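Reading through the structure tokens given below for one structure.
Taken together, the values in this text are just the output of simple stated rules run on the coordinates, not laboratory data. In this text the structure is predicted, and so the values were computed from the model without any measurement. Every residue, glycine among them, receives a Cβ derived from its backbone with ideal geometry; neighbour counts consider all protein chains shown.
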Amino acid sequence: MVLEKSPRILLSKVGLDGHDRGVKVVAALLMRAGFEVIYLGLYNTPEMVVLSALEEDADVIGVSFLSGEHLTLTPQIVAEMKRRGMEDVLLIVGGIIPAVDEDALLKMGVKKVFRGSLVGEVVRYLSDHFGRPGSPANPVGLNEESR
């Protein structure tokens with residue numbers, strides 16, 4: 001999928017998870033790679049995330065989970081996206097997600113699960129998905145520790 005405009009990525013923390021350092025690093029690297037990033041911050045509801053994505057005309061919703069609520073809150077996000085006719089918006093999740101939960105998330109409608117991934121993997125995936133320019137091996141000049 002190649003967009004004429006810069007893809008808009010909405011990132012959020014949902015539920016009571018108060019750990020946001022990783023999602024902020026992902027946001028910074030996505031901006032450096034040329035994406036437009038909207039970060040909603042902490043303690044959002046699934047409805048708030050989807051409504052914000054709709055209002056912001058987001059191409060991607062990215063949700064970071066470090067609290068173990070991914071199997072409870074992701075179906076609510078997916079249901080709200082369907083209710084609002086947003087099936088064309090890419091839903092990705094990341095964070096501390098056990099491998100045994102990945103298939104369930106994909107079956108719910110999540111397009112990609114980043115389980116404890118290094119942040120460069122997220123940037124590379126979205127760059128490839130949207131046909132963004134840059135080196136596939138190192139799209140944003142990441143050092144070895146970030147990959």
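Here LEU106 fulfils each of the conditions (1) more than 14 Å from the chain's Cα centre (by Cα); (2) without any contact (Cβ under 8 Å) to a residue 24 or more places away in the chain apart from (1). For the stretch 60-90, taking the residues that are among the hydroxyl-bearing types (Ser, Thr, Tyr) and touching a helix residue (DSSP H, G or I) at 6+ places or on another chain (Cβ under 6 Å), the one that is surrounded by the fewest Cβ atoms within 10 Å (Cβ to Cβ) is identified as THR74.
Checking each residue in the stretch 9-66 for being charged (D, E, K, R) and more than 27 Å from ALA99 (Cβ to Cβ) picks out ARG32, GLU36, GLU47, GLU55, GLU56, ASP57, ASP59. One residue stands out among those in the stretch 1-12 that are of a type in the set (A, V, I, L, M, F, W, C) and crowded, with 16+ Cβ neighbours inside 10 Å: the one that is nearest to GLY68 (Cα to Cα), which is LEU11. What pairs come out if I take residues in the stretch 70-82 that are within 20 Å of PRO98 (Cα to Cα) and pair them with residues that are among the hydrophobic types (A, V, I, L, M, F, W, C) and assigned to a helix (DSSP H, G or I) whose C-beta lies under 7 Å away, six or more apart or interchain? Note: pairs meeting the criteria are HIS70/LEU105; LEU71/ALA104; THR74/LEU105; THR74/MET108; PRO75/MET108; ILE77/VAL49; ILE77/VAL50; VAL78/MET108. Taking the criterion of being assigned to a loop (DSSP other than H, G, I, E, B) and loosely packed, with under 14 Cβ neighbours inside 10 Å, the residues of the stretch 13-42 that qualify are LEU16, GLY18, GLY41.
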